[in-house]
Amino acid sequence: MLGFGGGPASIPLIEHEVVDKYGWMTTTEFSEVLALGNALPGPIATKMAGYIGYEVGGILGAIVALFATVGPSLMAMLILLNILYRYRQSQRVKRLSSFVLPAIAVLLAEMTFDFAKTSYDMIGLIATFLLIAGAYIALEKFNVHPVYVVMIGLGIGGIFL
């Protein structure tokens, strides 16, 4: 909860607790866990928590550490969403939504362009265009569920790579 900015910002806090306060690992071991966490995809704090929890307390330790990492944010998010849902008809909430929705749209558009650029760099223009066009047609014309479109795209990407 104190690590503003996500996992990388909370690494010094985690290191202090794991190395200095409880002595569960040495600084070298923690550095190796950090390197391993950076090498794998996904949020670093959860990967490190899972590994450290497993080292300290086995499977139960990993489960507790993972929940301790994501639990507070999850609970806060559920409480805030419940409040927003309760007051969804409020003019303030509607105004907040009108400010937030364009920002979300811009972030999603940026992510889409990044994905398209990566696809272009990896498989070329024609394959990228065919994937985009095929996904659009499947979603809009045939109402295929997005999960299936993503799975098919992953399969096609696996074939090309």
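For the range 20-50, the set of residues classified as within 18 Å of the chain's Cα centre (by Cα) and open to solvent by 50 Å² or more (accessible area, probe 1.4 Å) consists of Leu36, Asn38, Ala39, Leu40, Pro41, Gly42, Pro43, listed by residue number.
Look at Ile59 and say whether it is among the hydrophobic types (A, V, I, L, M, F, W, C), part of a helix (DSSP H, G or I) and surrounded by 14 or more Cβ atoms within 10 Å (Cβ to Cβ). Spelling it out, it is not the case that Ile59 is among the hydrophobic types (A, V, I, L, M, F, W, C), part of a helix (DSSP H, G or I) and surrounded by 14 or more Cβ atoms within 10 Å (Cβ to Cβ).
Could you check, for the range 92-102, whether at least one of its residues is assigned to a helix (DSSP H, G or I) and surrounded by 14 or more Cβ atoms within 10 Å (Cβ to Cβ)?
Looking through the range 92-102, at least one residue is assigned to a helix (DSSP H, G or I) and surrounded by 14 or more Cβ atoms within 10 Å (Cβ to Cβ).
When Phe142, Phe67 are checked against the criterion of being outside any helix (DSSP H, G or I), at pLDDT 90 or above and not polar (S, T, N, Q), Phe142 stands alone in meeting it.
Return yes or no: is Ile126 in a helix (DSSP H, G or I) and under 30 Å from Gly158 (Cα atoms)? Yes.
Reported count of residues in the range 1-34, each being modelled with pLDDT of 85 or more and part of a helix (DSSP H, G or I), is 19. Of the residues making up the range 114-153, those that are exposed (fewer than 10 other Cβ atoms within 10 Å of the Cβ) and on the phi < 0 side of the Ramachandran plot number 7.
In the range 108-119, the residues that are within 19 Å of Leu130 (Cβ to Cβ) reach residues that are open to solvent by less than 100 Å² (accessible area, probe 1.4 Å) and in a helix (DSSP H, G or I) with C-beta atoms within less than 6 angstrom, at least six apart or across chains, in these pairs: Ser119/Thr128. Quick check, is Pro102 out of contact with any helix residue (DSSP H, G or I) (no Cβ under 6 Å at 6 or more places or on another chain) and closer than 30 Å to Thr26 by Cα? Criteria not met by Pro102.
The values are calculated or read from the model by the stated rules, or taken from the named source; none is laboratory data. Keep in mind it's a predicted model, so treat the numbers as computed, not measured. Virtual Cβ from ideal backbone geometry, glycine too; neighbours counted across all protein chains shown. Ligands, DNA and RNA are excluded from the accessible area calculation, which covers all protein heavy atoms including side chains. Shrake-Rupley method; radii C 1.70, N 1.55, O 1.52, S 1.80 Å.
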